[in-house]
Amino acid sequence: MLCWGSWANTQKLAANTWRFELFYWDYVFGILLFSILLAFTLGSIGTGGRGFVEDVQQADSSNIRSAILGGIIFNAANILLVAAISIAGMAVAFPVGIGLALVIGVVVNYIYKPVGNQLSLFGGVAFIVVAILLNAYAYRKKMSGNTRTSTKGLVISIVAGILMGFFYKYVAAAMFPDFSVPDQGKLSPYSAVFFFAIGILLSNFLFNYILMRKPFEGNPVSFSDYFKGGFRNHITGILGGAIWCLGMSFSIIASGKAGPAISYGLGQGATVVAAIWGIFIWKEFQSAPRRTGLVLNVMLLLYIAGIALLVYAGS
């Protein structure tokens, strides 16, 4: 939750001098590099489970494809989320986009593997739906003088959220359910995250290239522009990808005990973390009408209540 809610700060730090389409290449490289680091350390050391190299050698192609497909779906969603952040800010893109992803993801993953108290689980989802609506209302108030921009930011966030709700189950389906007892043909959590990262990288040559040529805002950019970036530009993006990958890896590992629905739902509590960054650190609603602050506070409280119910559902 902390990692998924904080990685976007790296994009905010780079935004003044670096287009998000260029930032996103380094972000993807960061995810892949960190997944490899984890695979050859935590995924290979110790007596439990199965080492990374051995695990990859025995894996069924269907499970590898499932993890890669999860990466492709995630990348389509996440690149739209990053675009929404650049247009609408963290305090809007995360509560609307990731909040919607949380709702869809909890339902989809619960159907796949029903673990947890139904009443608490879906009660928490209901609180989060109301919080999403409040956040969208606050954003429209803030952007009341620029309807075109506010609509674009919200629409991109919503599309990103719908796509984001489906990627996790494909990664979970590729893994053996009891991480201490490897199943033949299935992947360990570390191997699954590695192939997931491969899916992100491969699809980025299509998705990000399209956005580079047809950006939502600004002029088109080229690969030559990427190589004009300085060390700080590139390392910031790689750091953002590494932070996100750490959160993904921990979420996948937690799903072995909590179940994918609860693990994914709690991870998407990142919305609260990102909203706090956006509201209180980046001051994204500073120019909004006075009453907007009350709406945002209620939104945060509803999110926290919803996440608390998800925690209770898992207990």
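The values are calculated or read from the model by the stated rules, or taken from the named source; none is laboratory data. In this text, all values refer to a predicted model and were calculated from it rather than measured experimentally. Don't worry about glycine lacking a Cβ; one is built from the backbone with ideal geometry, like all the others, and counts go over all protein chains shown. The protein model used for the area step is the full one, side chains on, heavy atoms only, and it has no ligands, DNA or RNA in it. Shrake-Rupley method; radii C 1.70, N 1.55, O 1.52, S 1.80 Å.
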Among residues of segment 223-246, those that are in contact with a Phe, Trp or Tyr (Cβ under 7 Å, 6 or more places away or on another chain), part of a helix (DSSP H, G or I) and not polar (S, T, N, Q), counted: 10
Condition met for D60 (open to solvent by 50 Å² or more (accessible area, probe 1.4 Å) and at pLDDT 95 or above): yes
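Under the condition of being β-branched (V, I, T) and touching a Phe, Trp or Tyr at 6+ places or on another chain (Cβ under 9 Å), which residue from segment 290-303 is modelled with the lowest pLDDT?
To start, the set of residues in segment 290-303 that are β-branched (V, I, T) comprises 292, 295, 298.
Those still in the list that are touching a Phe, Trp or Tyr at 6+ places or on another chain (Cβ under 9 Å) too: 292, 295.
Details: T292: 84, V295: 87.
Out of the qualifying residues, it is T292.
For every residue, the table says whether it meets (1) within 20 Å of L81 (Cα to Cα); (2) modelled with pLDDT of 85 or more.
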{"position": "L133", "(1), (2)": "yes, no"}
{"position": "S144", "(1), (2)": "no, no"}
{"position": "S150", "(1), (2)": "yes, no"}
{"position": "G165", "(1), (2)": "yes, yes"}
{"position": "A173", "(1), (2)": "no, yes"}
Residue in segment 34-49 that is assigned to a helix (DSSP H, G or I), in contact (Cβ under 8 Å) with a residue 24 or more places away in the chain and under 18 Å from the mean Cα position of the chain (by Cα) present: yes
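Can you tell me how many residues in segment 128-141 are over 19 Å from A305 (Cα atoms), in contact (Cβ under 8 Å) with a residue 24 or more places away in the chain and open to solvent by 20 Å² or more (accessible area, probe 1.4 Å)?
In the first step, residues of segment 128-141 are kept if they are over 19 Å from A305 (Cα atoms); the result is 137-141.
Within this subset, residues satisfying the condition of being in contact (Cβ under 8 Å) with a residue 24 or more places away in the chain are 137-139, 141.
After this cut, where a residue has to be open to solvent by 20 Å² or more (accessible area, probe 1.4 Å) as well, the list is 137, 141.
So the count comes out to 2.
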Pair list, Cβ < 9 Å and 6+ apart or interchain, from segment 85-110 residues that are in contact (Cβ under 8 Å) with a residue 40 or more places away in the chain to residues that are of a type in the set (D, E) and open to solvent by 10 Å² or more (accessible area, probe 1.4 Å): S86/E217; I87/E217; A88/E284; G89/E284; M90/E284; A91/E284; V92/E284
Neighbours by Cβ (under 8 Å, 6+ apart or cross-chain): first from segment 213-228, open to solvent by 50 Å² or more (accessible area, probe 1.4 Å); second charged (D, E, K, R): F216/K152; G218/R19; P220/R213; P220/K214
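Being closer than 18 Å to F285 by Cα and β-branched (V, I, T) is the filter; apply it to segment 90-109 and report the residue that is nearest to the chain's Cα centre (by Cα).
Within segment 90-109, the subset closer than 18 Å to F285 by Cα is 90-97.
Those still in the list that are β-branched (V, I, T) too: 92, 96.
Working: V92: 14, V96: 13 Å.
Selected residue: V96.
Which members of segment 72-127 meet the condition of being of a type in the set (F, W, Y) and buried (at least 24 other Cβ atoms within 10 Å of the Cβ)? It would help to see each step written out before you state the result.
Filtering segment 72-127 for residues of a type in the set (F, W, Y) gives 74, 94, 110, 112, 122, 127.
Matches in segment 72-127: F74, F94.
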Lone qualifier among G123, G97, G116, G105 - being over 17 Å from A313 (Cβ atoms) and of a type outside the set (S, T, Y): G97
Which numbered condition I87 misses (of (1) over 14 Å from the mean Cα position of the chain (by Cα); (2) at pLDDT 95 or above; (3) of a type outside the set (F, W, Y)): (2)
Every residue from segment 1-46 that is more than 17 Å from M248 (Cβ to Cβ), open to solvent by 10 Å² or more (accessible area, probe 1.4 Å), of a type in the set (A, V, I, L, M) and touching a helix residue (DSSP H, G or I) at 6+ places or on another chain (Cβ under 7 Å): L13, A15
